[in-house]
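Worksheet for the structure shown next.
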Amino acid sequence: MISKRITFSITSLMCAVLFGFIVMRMQAQGDQPVEQTRKNIQVLKGLPESQLFPLMNFVATSLGVKCDYCHVRKGEAYYNGNWVWESDEKPKKLVGRRMIKMVLDINRTNFDGANFVTCYTCHRGNTVIARLPPLPPHDPPARTETALPTADQILAKYVAAVGGNDAAAKFKSTVMKGTIERSENRNAQLEVTLKDTDKYLVTTTTPQGVSTLGVNGEGAWTKSNAGSRRLSGRGLDQSKRTVTLYYAPIKVLDQPAQMKVVGTEKIGDREVYVVAITVDPNTTRRLFFDTQTGLLLREQTTTRTILAPLPDQVDFEDYRDVDGIKLPFTIRTSDTAPYSTATRRFTEVRHNVAVDDNIFNLTAAPR
C-alpha cells in the first residue's frame, strides 16, 4: 500500500506545511491521471495523482497493514523512499488488485458508482474479515426525536460565542506561538502571524531548517531550504482556506443557505449539532457545533474518489478567552494515515503586535 510516509520522507521541511508536497506536485503535473504519472496502473485509471497516496492510505488503514504488505521495498529502512511500487512480485498485491476490482464492480452494479461499499466495509482494520455477528445481540439504544435549530440559529450562536461578527477585525494583528506534534518525533516550533483579515504568515521550524507559508491578499506562497514556490489554482484556494480554518477567530465562512442541519451526535462527552454542506458533487463537509456553548468542535471533509471516500478531520479543543475572543489552543488534524496526524498546541497569543507588511511577501525569486 503506497503511503504518504514516503512522500513526507522526500523532504521533512515541506511536511511542515500541510498541503505543501501534494499541492506542488499537482501544480507541476496538472494533477494528471495516475496512469500517466505511474507505472503498471491497471485498475485505478483516471484517478488524479493527488488522490493516490490518500487512497492507498485508506486501503492500508482499512486492512490494518503497512505499505510493504503488498509493495516491494529495497533495504531495511522503511522511510528511505526506496520502493518499487510498480512491482507485482508480492502475491498479496495481485489479491489486492482483484479486491479493488470487486469493490468497483459492486458499487457500479448496485449503487450507480457511489462509494457505498469500501475496503473498510468488510475488513474493519483486519486482513481477516468477520462473517458472524457477536452474540448475544445487543438492543440498539432508544432514540428520542427533538426539534433541531435552523442553520441560521446555529451559525449565529457560533459567531457570538467566538466574539461576534467583528471578531476577526477587532485587532490589527495577532501573533500565535506554539508547537506541532507528529509521530516519530517529527515535532516543530510554530509561529503564526496574522494582519488585517487577509494576511497570514505560518513559520515552522525543525532541526532541519525553516519552512514558511505566506498569504497576502489574493496571493500565496511556500518557501523552505528546498526552494520557494508561488501557489495558484487549487493550491492557492486550499492554502487560504486552511490558514483561515486553523488560525482565524471565525472559521466558518459558508452561508446558512448552503447548510443543512442533519441531527445531533456526540464528540467525547459533548453533544453537538451536525451541519452538512455540499461543496461540489464529490466533496461534502460536516461541521460539529457544541449544543451548549455554540463553539465549533470539529470539521470533517469527505472527498469521493473512484474507490472510496477520503475523510479529513480537524478538531478544535481547549478554547480560551483572549482579549474578548475565544480561540482553540489545541488543533488536531488527521486523515486515514496515522503518520500524517498532527497536533498544534499554542502557548502564546498576542494582539496588536507591530508587524511589517513585507513579511507576507515572497521576496526571493522562486527556484
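The values are calculated or read from the model by the stated rules, or taken from the named source; none is laboratory data. Here the structure is a predicted model, which means the values were calculated and not measured. Every residue, glycine among them, receives a Cβ derived from its backbone with ideal geometry; neighbour counts consider all protein chains shown.
Numerical summary
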read-out: Answer from CYS67, CYS122 - the residue that is surrounded by 15 or more Cβ atoms within 10 Å (Cβ to Cβ) and touching a residue at least 60 places away in the same chain (Cβ under 8 Å); value: CYS67
read-out: Checklist (1) under 22 Å from SER62 (Cβ atoms); (2) surrounded by fewer than 20 Cβ atoms within 10 Å (Cβ to Cβ) applied to LEU307, failing item; value: (2)
read-out: Residues satisfying the stated conditions in segment 294-350, i.e. under 24 Å from ARG270 (Cα atoms) and β-branched (Val, Ile, Thr); value: THR301, THR302, VAL314, VAL322, ILE325, THR330, ILE331, THR333, THR336, THR341, THR343
read-out: Tally, over segment 180-203, of residues that are in a strand (DSSP E or B) and farther than 19 Å from THR222 by Cα; value: 2
read-out: Qualifying positions in segment 342-360 - surrounded by 15 or more Cβ atoms within 10 Å (Cβ to Cβ) and outside any helix (DSSP H, G or I); value: ALA342, THR343, ARG344, ARG345, PHE346, VAL349, HIS351, VAL355
read-out: Hey, VAL59 modelled with pLDDT of 70 or more, β-branched (Val, Ile, Thr), part of a helix (DSSP H, G or I) and in contact with a helix residue (DSSP H, G or I) (Cβ under 6 Å, 6 or more places away or on another chain) or not; value: yes
read-out: Evaluation of ASP321 against (1) part of a strand (DSSP E or B); (2) in contact (Cβ under 8 Å) with a residue 12 or more places away in the chain; (3) over 15 Å from THR244 (Cα atoms) (one fails), failing number; value: (2)
read-out: Selection status of LYS199, surrounded by 19 or more Cβ atoms within 10 Å (Cβ to Cβ), in contact (Cβ under 8 Å) with a residue 60 or more places away in the chain and either of a type in the set (A, V, I, L, M, F, W, C) or over 28 Å from VAL274 (Cβ atoms) (or both); value: yes
read-out: Neighbours by Cβ (under 6 Å, 6+ apart or cross-chain): first from segment 268-291, free of Cβ contacts under 8 Å to residues at least 24 places away in the same chain; second buried (at least 19 other Cβ atoms within 10 Å of the Cβ) and among the aromatic types (Phe, Trp, Tyr); value: VAL274/PHE288
read-out: GLN313 vs. criteria over 19 Å from SER334 (Cα atoms) and free of Cβ contacts under 8 Å to residues at least 24 places away in the same chain; value: no
read-out: Residues (touching a residue at least 24 places away in the same chain (Cβ under 8 Å) and in a strand (DSSP E or B)) located in segment 293-310; value: LEU296, LEU297, ARG298, GLU299, THR303, ARG304, PRO309, LEU310
read-out: Selection status of VAL175, over 22 Å from the mean Cα position of the chain (by Cα) and of a type outside the set (Gly, Ala, Ser); value: yes
read-out: Those residues of segment 229-270 which are among the aliphatic types (A, V, I, L, M) and either surrounded by 14 or more Cβ atoms within 10 Å (Cβ to Cβ) or at pLDDT 90 or above (or both), in sequence order; value: LEU231, LEU236, VAL243, LEU245, ALA248, ILE250, VAL252, ALA257, MET259, VAL261, VAL262, ILE267
